[in-house]
Amino acid sequence: MSKSITNKLYLKQRLYGLKMQEGSNLAQHVNVFNQIITDLARLDVSIEDEDRAMILLCSLPFSYEHLMTTLTYGKETIKVDEITAALLAQNQRKQNAGESSHGDSLYVKDCTDGDMLSVSTNQFMDAWILDSGCSYHITPKREWFTSYRSGNSGSVYLGDDRCCSIVGIGDVRIKMYDGIVRTLCDVRHIPELKKNLISLGTLHKNGFIPKEDEDRETIRIVKGALTVMKGKITAGNIYKLLGSTVVGGVHSVYSCDDNTKLWHMRLGHLSERGMTELHKKNLLHGVKSCKLDFCKFYVLGKQTKVSFTTGKHKTEGILDYVHSDVWGPTRESSLGGSLYYVTFIADFSRKVWVYFLKQKSEVFAKFKLWKAEVENQTGRKIKFLRSDNGTEYTDSQFQKFCEEHGIQRHFSVRKTPQQNGVAERMNRSPLASLSGKVAEEVWTSNPINFDYLRIFGCPAYVHVPSDERSKLDPKSKQCIFLGYKKCVKGYKFWDLVARKRVINRDAVFDE
């Protein structure tokens, strides 16, 4: 074939117009695709590997949509060899399982000799398989259902052409990898089958996205920032769910729902007791109960040693007693160059103020700024200041300033941070000592609202003003949520592309 423009145009038209029909042979389709690529290469027409992979995926029929999502979701790039291998492997599994379209019914070959799973059938009798090919969640076990509606809901054709009815539909509860019990809804009951299947397609339609980890051995089902399921690949290239079905005593088994877990994360992994107090005040919308499952992040961030005996002193008013402590240095400086932060805690309300520092010597300057602000806001004076014996607190200027303003100093003994426990433990919930009130509520004497809270570090889509984009440009850009801007009714975000901080109030959060 000559290297004429006509031949190049002809082959490119074939490549971009290549479409596989439903029910056609995938292997033959891939062979035709590869032949066109080879012919173009002979004409010195090269196509990038990622473009070839995308063209191949675009040529597939609708029935491959869920598999395409699984292969591409969360990846920055794809390779045609990997896509081809995955497609052919999935196609082979479908052929081994005998799945095909059969009118309005689902055709399944139930391979009792283990051909379908390449392992013993008994090994998977109680396991759930994450399947990208099946149309519904399916189980043969009637005793697993927590709710059940009997009736003819369709048919399944087995490998020996026997027609088996879907005899009921209901819900099944599964304890996931993280201990949370979730409900699998609209599960089909088919007694003749011997596998328990979770349909990735059904999950995807409901907003649960399958995402393959870099090790290619684990698949995660995510919704927003939450991972709700995990599956591990087996010897037969089947994803087996990490979890177990809750059978019997269903009502005695409790799990925190997604709303409870969401608020737990929004509140910086607040304790169960703290969330219960907030729930009593109707501050956590959508939460039915504050029962929490085990949270490894809470333990990693807040585990402590056995406590010392609590010192007893009673603070009668705002700013009567103040605690302070310095944390740092951190291994890496912040974008602003800070290595430390200092906290000031009003004992009566337990409200916390945080100031970032480049050097410890800045503590005195921050204290003067903070003192002027809070005393002006409240009309009260600071009476006692408790801190450790660090040089940033025992500096002569600091001491003289406190003497001039009538502030008595209380210092903890060297290497006994327990004596400055309030400041050292400022990230623990103070609700028990506040008669069920939140620190901000005690400080301001006003009711509070948590509706604006979001999970730190979650993705967010920030609105781009019309004067900063054309009509064809996207109306939002993806950023990372950083927190809340002081004195401004807006959120702080990190722009991943421009690599700068953005302040905006118009955003959609992916929690």
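Observations
- Qualifying residue in the range 326-347 (condition: in a helix (DSSP H, G or I), acidic (Asp, Glu) and assigned by TED's automatic domain parsing to the domain that holds His405): no
- Any chance Arg14 is free of Cβ contacts under 8 Å to residues at least 60 places away in the same chain, in the same structural domain as Gln90 (by TED's automatic domain parsing), surrounded by 15 or more Cβ atoms within 10 Å (Cβ to Cβ) and of a type in the set (D, E, K, R): yes
- Flag for Glu217 being touching a residue at least 60 places away in the same chain (Cβ under 8 Å) and either at negative phi or assigned by TED's automatic domain parsing to the domain that holds Glu76 (or both): no
- Scanning the range 348-382 for residues that are part of a helix (DSSP H, G or I) and either outside the structural domain of Asp325 (by TED's automatic domain parsing) or among the hydroxyl-bearing types (Ser, Thr, Tyr) (or both) turns up Ser361, Thr378.
To keep it simple, each residue is scored yes or no on (1) assigned to a loop (DSSP other than H, G, I, E, B); (2) assigned by TED's automatic domain parsing to the domain that holds His137; (3) farther than 19 Å from Thr245 by Cα; (4) among the basic types (Lys, Arg).
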| residue | (1), (2), (3), (4) |
| --- | --- |
| Cys164 | no, yes, yes, no |
| Arg182 | no, yes, no, yes |
| Pro191 | yes, yes, no, no |
| Gly201 | no, yes, yes, no |
| His204 | no, yes, yes, no |
| Ile221 | no, yes, no, no |
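- Leu193 being within 23 Å of the chain's Cα centre (by Cα), at pLDDT 75 or above, farther than 27 Å from Phe456 by Cα and not charged (D, E, K, R): no
- Gly457 being under 25 Å from the mean Cα position of the chain (by Cα), at positive phi and assigned to a loop (DSSP other than H, G, I, E, B): yes
- Scanning the range 166-180 for residues that are assigned to a strand (DSSP E or B) and either outside the structural domain of Ile221 (by TED's automatic domain parsing) or farther than 26 Å from Leu67 by Cβ (or both) yields Gly168, Gly170, Asp171, Arg173, Lys175.
- Residue, nearest to the chain's Cα centre (by Cα), within the range 383-408, restricted to residues that are part of a loop (DSSP other than H, G, I, E, B) and more than 23 Å from Pro329 (Cβ to Cβ): Lys383
The values are calculated or read from the model by the stated rules, or taken from the named source; none is laboratory data. These numbers come from a predicted model, not from an experiment. Please note: Cβ atoms are built from the backbone with ideal geometry, for glycine as well, and neighbour counts cover all protein chains shown.
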